[in-house]
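J.: What follows is a single structure, and I will ask about it in a moment.
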Amino acid sequence: MAITLVNPGGLPKIPVYRQVSIATGSKLVFIAGQVAWDAEGVTVGEGDLAAQVERSYLNVGIALAEAGASFDDVAKLTVYVVDWTPDKMPLFLEGVARASAKLGITPMAPGTLIGVAALDVPDHLVEVEATAIID
């Protein structure tokens, strides 16, 4: 595996991700921001943050697989959430947990969650992009 995830001493250990990703692979894979669209471009989970997080993570999984990668190869995740407030964290984590169960993974890569005013389509509440490293 080209990715080693660690939590250095002196930084907090947060259960849902690691602070550092050490990449040793030779091929970079950049996954464009994935939203809660199905294969036909229909929004899944309109108004439901957990459902949209789940679908966005599933779409990242599909994109990674096309490149010959998986969440084990992800060096960095960036998540954009419309009108983010900390009280939305349980819904966000619920969506991640549901996607993780379906994918059989634990997405632990370093990540950044950014609150935004809007995304590309008014119905979209979340967008997830990934950078992966594979040999």
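J.: Give me the angle, in degrees from 0 to 90, between the Cα long axis of helix 89-103 and the longest principal axis of the Cα atoms of the chain, rounded to the nearest 10.
T.: Tilt relative to the chain: about 70 degrees.
J.: I want the antiparallel fraction of DSSP beta bridges within the chain, as a percent rounded to 5. List each step's numbers first, then the result.
T.: On the way: 18 of 24 bridges.
Just about 75 percent of them are antiparallel.
J.: Report the semi-axes of the equivalent ellipsoid for segment 1-129 in whole Å, largest first, where each axis is √(5λ) for an eigenvalue λ of the Cα gyration tensor. Could you put the intermediate results ahead of the total?
T.: Values: eigenvalues 112, 65, 31 Å².
The three semi-axes for segment 1-129 are 24, 18, 12 Å.
J.: Tell me, what is the percent relative contact order of the chain, built from C-alpha pairs under 8 Å that lie six or more residues apart? Don't skip to the end; give the middle numbers.
T.: Values: 283 pairs, mean separation 52.9, N = 135.
For the chain, the relative contact order is 39 percent.
J.: Just tell me which lysines come within less than 25 Å, Cα to Cα, of Lys102; anything on the same chain fewer than 8 places away is out.
T.: Straight-line reach from Lys102, under 25 Å: Lys76, Lys88.
J.: Kindly rank 51-59, 70-78, 10-18 from highest to lowest mean number of other beta carbons found within 10 Å of each residue. Show your work: numbers first, answer last.
T.: Values: 51-59: 24.8, 70-78: 20.3, 10-18: 11.1.
Top to bottom by mean Cβ count within 10 Å: 51-59, 70-78, 10-18.
J.: Let me ask you something else. How far, in degrees from 0 to 90, does helix 49-66 lean away from the longest principal axis of the Cα atoms of the chain, to the nearest 10?
T.: Compared with the principal axis, the helix lies near 50 degrees.
J.: Now for a different question. Can you give the local net charge around Lys27? Use residues other than it whose beta-carbon is closer than 11 angstrom to its beta-carbon, Lys and Arg +1, Asp and Glu -1.
T.: Values: positive: none; negative: Asp73, Asp135.
Here the charged neighbours net out to -2.
J.: So what is the orientation-averaged projected area of segment 38-113, using the convex hull of its C-alpha atoms, in nm²?
T.: Values: hull surface 20.9 nm².
Taking the Cα atoms of segment 38-113, their convex hull projects to 5.2 nm² on average.
J.: Something else: In Å², what does the accessible area per residue of the chain work out to with a 1.4 Å probe? Before the final figure, lay out each step's value.
T.: Working: 7000 Å² over 135 residues.
Computed with neighbouring chains in place, this is 52 Å² per residue.
The values are calculated or read from the model by the stated rules, or taken from the named source; none is laboratory data. Since the model is a prediction, treat every value here as computed from it, not as a measurement. We place every Cβ from the backbone using ideal geometry, glycine too, and count neighbours over all the protein chains shown. We work out accessible area using only protein heavy atoms, side chains counted, and drop any ligands, DNA or RNA first. Shrake-Rupley method; radii C 1.70, N 1.55, O 1.52, S 1.80 Å.
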